[in-house]
Amino acid sequence: MINLRRYTLIRNVILLWMSVVLCAAFLLGIPKINILEHTARNLYFHVPMWFTMMAAVFVSAYHSFQVLRSGDIVRDIRALQAARIGAFFGVLGLLTGIVWSKFTWYVGTDVWWNFDPRQSMVSLQLLIYGAYFVLRGALDDPSKRARIAAVYNLFAATTTPFLLYVIPRQMDSLHPGAEGNPAFSEITHPIMRLVFYPAIIGFIGMFWILYTQRVRMALIKHRVTHDPEL
Amino acid sequence: MAATSVPQEVQDASTAYDSVWAVANIPTQGLSGMEQVMLSHDKLYVVLAVVLIIWIGIVILLLRNDARLTSVERTIEEQGIPSDDGL
């Protein structure tokens, strides 16, 4: 089912790759920007979380679509685990964003959370995925669960680009990319791109490792208990 | 009806809802102890905090995976499936 030689090879490459990215993220000099200062380095960590979540959502939706086409329980396992790891990266992205905003937007105040549209919409998206996991828990028959969960998961995947990217950009937000706030492409120095793009690849690779591990575990559990829920 | 609505309107006209306008300088307190630490060294510790959050997240995921693996292993033992993996 899973090509173990390929998995091991890609895993080792990704782990080495991420180690280099981590070093580069701290060792390479970056231009000084007022307010941001060294927190600009969070670009290498906070932003790839969302790219990774988006990639996970694509993988999950693809497999949910395949569930509806074929009814294959293995596709259901893959859809669930991709969604789980995707939500995991989403939570990490939200938490890192809260810390970053506290020491840039909200310095000198007690504010940690001010219902910035970007953060609110992203929380909403994570709740939509939370409902996906709860919905699965409510259904006992694996093949019925696979189909119903697949339909809901396709809905959840459809809302993701809107709640993550489209709607927050239409509203007043302190987050870069919103109205009257420069986006990444115009202001980012080449030296930061040198680390940023590899960091995205590295974190998506980390997603792939974690996701594949959990799919392997779920397949074993399915073989033993005839219930793939993990 | 009229007796209740008139004082309401007077109150609306006379009391401010907020003590400062949004465009005015919002009074901020001095830096708290945590902020003094986090903002030192050009805010480098904020990056440390962010990396630690990601690291702790991965550790939690690792521990949860371990727990799931243990429960699957226990099921296998209960079912008496012979293990021939040489471990």
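The values are calculated or read from the model by the stated rules, or taken from the named source; none is laboratory data. Here the structure is a predicted model, which is why all the values come from computation and not from measurement. Here the Cβ positions follow ideal geometry from the backbone for every residue, glycine too, while neighbour counts run over all protein chains shown.
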Can you give me the ranges of the helices (runs of 4 or more DSSP H) entirely in region A:112-230 with at least 1 residues that are crowded, with 20+ Cβ neighbours inside 10 Å?
A:117-138, A:142-161, A:167-170, A:190-225
Residue count for region A:83-108, restricted to those that are of a type in the set (A, V, I, L, M), surrounded by fewer than 24 Cβ atoms within 10 Å (Cβ to Cβ) and under 23 Å from A:Ala218 (Cα atoms):
2
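Regarding A:Gly137, is this residue under 30 Å from A:Leu27 (Cβ atoms) and more than 14 Å from chain B (Cβ to nearest Cβ)?
Values: under 30 Å from A:Leu27 (Cβ atoms): no; more than 14 Å from chain B (Cβ to nearest Cβ): yes.
Judged against the criteria, A:Gly137 is not a match.
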Output the residue which, of all residues in region A:211-230 that are over 18 Å from A:Ala82 (Cβ atoms) and not hydrophobic (A, V, I, L, M, F, W, C), is nearest to the other protein chains (Cβ to nearest Cβ).
A:Thr225
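Checking the structure you have, find out if any residue of region A:47-69 is of a type outside the set (Val, Ile, Thr), farther than 29 Å from A:Ala157 by Cα, in contact with a helix residue (DSSP H, G or I) (Cβ under 8 Å, 6 or more places away or on another chain) and part of a helix (DSSP H, G or I). Walk me through it before giving the result.
In the first step, residues of region A:47-69 are kept if they are of a type outside the set (Val, Ile, Thr); the result is A:48-51, A:53-56, A:58, A:60-66, A:68-69.
Narrowing the set further to residues that are farther than 29 Å from A:Ala157 by Cα leaves none.
No, region A:47-69 contains no residue that is of a type outside the set (Val, Ile, Thr), farther than 29 Å from A:Ala157 by Cα, in contact with a helix residue (DSSP H, G or I) (Cβ under 8 Å, 6 or more places away or on another chain) and part of a helix (DSSP H, G or I).
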Is at least one residue of region A:185-192 within 30 Å of A:Leu9 (Cα to Cα) and either within 14 Å of chain B (Cβ to nearest Cβ) or of a type in the set (Val, Ile, Thr) (or both)?
yes
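Quick check on my filter: what residues within region B:35-50 are facing another protein chain (nearest Cβ under 9 Å) and farther than 17 Å from A:Ala40 by Cβ? Talk me through it step by step, then tell me what you get.
Going residue by residue through region B:35-50, those that are facing another protein chain (nearest Cβ under 9 Å) are B:35, B:38-39, B:41-47, B:49-50.
Correct list: B:Glu35 only.
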Breaking point among (1) modelled with pLDDT under 95; (2) within 14 Å of another protein chain (Cβ to nearest Cβ); (3) touching a Leu at 6+ places or on another chain (Cβ under 9 Å), for A:Arg118
(2)
Test set (1) more than 7 Å from every other protein chain (Cβ to nearest Cβ); (2) part of a helix (DSSP H, G or I) - B:Ile53 fails condition number
(1)
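Conditions tested, residue by residue: (1) touching a Pro at 6+ places or on another chain (Cβ under 7 Å); (2) within 18 Å of A:Gly177 (Cα to Cα); (3) within 13 Å of chain B (Cβ to nearest Cβ); (4) surrounded by 22 or more Cβ atoms within 10 Å (Cβ to Cβ).
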position: A:Phe58; (1), (2), (3), (4): no, no, no, no
position: A:Ile73; (1), (2), (3), (4): yes, no, no, no
position: A:Gln81; (1), (2), (3), (4): no, no, yes, yes
position: A:Asp110; (1), (2), (3), (4): no, no, yes, no
Leading residue by the ranking (nearest to the other protein chains (Cβ to nearest Cβ)) among those in region A:11-30 that are of a type in the set (A, V, I, L, M, F, W, C), more than 21 Å from A:Thr188 (Cβ to Cβ) and surrounded by fewer than 16 Cβ atoms within 10 Å (Cβ to Cβ):
A:Leu15
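Looking at region A:70-83 only, could you name the residues that are outside any loop (DSSP other than H, G, I, E, B) and more than 25 Å from B:Ile53 (Cα to Cα)?
Step one: of region A:70-83, the residues outside any loop (DSSP other than H, G, I, E, B) are A:70, A:73-83.
Of everything in region A:70-83, those that are outside any loop (DSSP other than H, G, I, E, B) and more than 25 Å from B:Ile53 (Cα to Cα) turn out to be A:Ser70, A:Ile73, A:Val74, A:Arg75, A:Asp76, A:Ile77, A:Arg78, A:Ala79.
Residues of region A:150-187 being at pLDDT below 90, of a type outside the set (A, V, I, L, M, F, W, C) and in contact with a helix residue (DSSP H, G or I) (Cβ under 7 Å, 6 or more places away or on another chain), which ones? Write out each step before concluding.
First, the residues of region A:150-187 that are at pLDDT below 90: A:165-187.
Applying the additional criterion that residues be of a type outside the set (A, V, I, L, M, F, W, C) yields A:165, A:168-170, A:172-173, A:175-177, A:179-182, A:185-186.
The answer is A:Pro168, A:Ser173, A:His175, A:Pro176, A:Gly177.
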